[in-house]
Amino acid sequence: MSADIDQTRPPTSAVTKAVVPAAGLGTRFLPATKATPKEMLPIVDKPAIQYVVEEAVESGLHDVLMITGRSKRSIEDHFDRAYELEVALKAKGDTERLRSVRESSDLAQVHYVRQGEPRGLGHAVLCAEAHVGDNPFAVLLGDDLIETADLLRRMIEVRREHGGSVVALMEVEPEQVSLYGCAAVEPTEEDDVVTVTDLVEKPSREEAPSRWAVIGRYVCDPAVFEVLHRTPPGRGGEIQLTDALLELARTKPEEGGGVRGVLLQGQRYDTGNKADYIRTVVDFACRRPDLAEELLPWLREFVDRHDRTDRS
Ligand code: G1P
């Protein structure tokens, strides 16, 4: 047992709930997102948000709370039974498609709460307060797809061992830090775990305390709610989760404070902007045995053709 385990608060409960903010307007993907939530854009043949829920479930979190907003009904439909579709597929004997349709509704216990007004990620997390109560919980951002559930599982383990909150960190190029929350860190005895000493939301290259970027997986101590209630709007005029976590990084462990970082090992895909989204789709498709055989030769030929056109 670690010496800095929280001794004064009641025994900390296990992480069992996942919170998935999905209330954003998706303006970067207009007009595709005019009537379709960006979370429902397909990565090959599954909506992006299903990968996120699958990761939560693989990490042992079967209770998923989506923070939604207007025009997000198709997310609820996706995780619900599609009775007529199931009957039609059954009648056709199409068991493979029937299985794929049922997969998303059988996956997890999915709950919904509406954010109402877009006041930032911190505010979205605050909307989970009644559902989560006085328990630690995970936050998964839908724009980030992570190759395996190992990262989140490790974060949950770090929370179990040390208490406090846990962020996921990835080293980025200096010109990229302004796209992320950025952390100053100190090493711990474990190679893949650091102590977070400072956090700045989307700093300029000059302001950045390091090249360690916060990516979209968090395990939060419930103390974050009390902090978020009084966190003023920060970067972009929005209530930032990063700002609340900075306060927790400076709070005593017995008050729910302490923030650790788990360093990402493996691949992370960003689907938050068009070029990255297309890269993700191509990468996921090329990993699929049923598609790779057809797609890879075409991609090679396409690039050759492109190069030849560029040169002429
Ligand atoms: C959010 C967080 C930011 C974090 C990022 C990870 O920003 O505010 O700290 O680094 O997610 O993807 P967003 O990309 O939603 O603007």
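The values are calculated or read from the model by the stated rules, or taken from the named source; none is laboratory data. Source: prediction; values computed, not measured. When we count neighbours, we look across all protein chains shown, and the Cβ atoms used for this are built from the backbone with ideal geometry, even at glycine. For the accessible areas, the whole protein counts, side chains as well, though only heavy atoms, and no ligand, DNA or RNA atoms are used. Shrake-Rupley method; radii C 1.70, N 1.55, O 1.52, S 1.80 Å.
Quick look at the values:
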item: Test for residue 157: is it open to solvent by 40 Å² or more (accessible area, probe 1.4 Å), within 23 Å of residue 236 (Cβ to Cβ) and not in a strand (DSSP E or B); result: no
item: Single unsatisfied condition, residue 208 versus (1) among the small types (Gly, Ala, Ser); (2) in contact (Cβ under 8 Å) with a residue 24 or more places away in the chain; (3) within 26 Å of residue 25 (Cα to Cα); result: (3)
item: Tally of residues being closer than 18 Å to residue 139 by Cβ, of a type outside the set (D, E, K, R) and not in a helix (DSSP H, G or I) across segment 229-244; result: 4
item: Residues located in segment 34-75, provided they are farther than 23 Å from residue 16 by Cα and assigned to a strand (DSSP E or B); result: 42, 43, 46, 47
item: Scan of segment 22-51 for residues that are of a type in the set (A, V, I, L, M) and open to solvent by 60 Å² or more (accessible area, probe 1.4 Å), ordered by number; result: 25, 30, 35
item: Yes/no for residue 182 being closer than 30 Å to residue 279 by Cβ, near the ligand (Cβ under 10 Å from one of its atoms) and surrounded by 22 or more Cβ atoms within 10 Å (Cβ to Cβ); result: yes
item: Among residues of segment 245-269, those that are of a type in the set (Phe, Trp, Tyr) and in a helix (DSSP H, G or I), counted; result: 0
item: Check on residue 250, open to solvent by 20 Å² or more (accessible area, probe 1.4 Å) and either under 18 Å from the mean Cα position of the chain (by Cα) or within 16 Å of the ligand (Cβ to nearest atom) (or both); result: no
item: Members of segment 215-229 found to be within 16 Å of the ligand (Cβ to nearest atom) and open to solvent by less than 10 Å² (accessible area, probe 1.4 Å), listed by number; result: 215, 216, 217, 219, 220, 224, 227, 228
item: Any hit, segment 168-177, residues being within 13 Å of the ligand (Cβ to nearest atom), among the polar types (S, T, N, Q) and open to solvent by 60 Å² or more (accessible area, probe 1.4 Å); result: yes
item: Subset of segment 133-150 that is of a type outside the set (Asp, Glu) and open to solvent by 10 Å² or more (accessible area, probe 1.4 Å) - its residue that is nearest to the ligand (Cβ to nearest atom); result: 141
item: Which numbered condition residue 193 fails, given (1) within 16 Å of the ligand (Cβ to nearest atom); (2) open to solvent by less than 10 Å² (accessible area, probe 1.4 Å); result: (1)
item: Among (1) within 25 Å of residue 208 (Cβ to Cβ); (2) buried (at least 16 other Cβ atoms within 10 Å of the Cβ); (3) not small (Gly, Ala, Ser) - the single one residue 162 does not satisfy; result: (1)
item: Cross-chain or 6+ apart pairs with Cβ under 7 Å, segment 229-240 first and within 17 Å of residue 204 (Cβ to Cβ), then within 10 Å of the ligand (Cβ to nearest atom) and open to solvent by 70 Å² or more (accessible area, probe 1.4 Å); result: 235/202
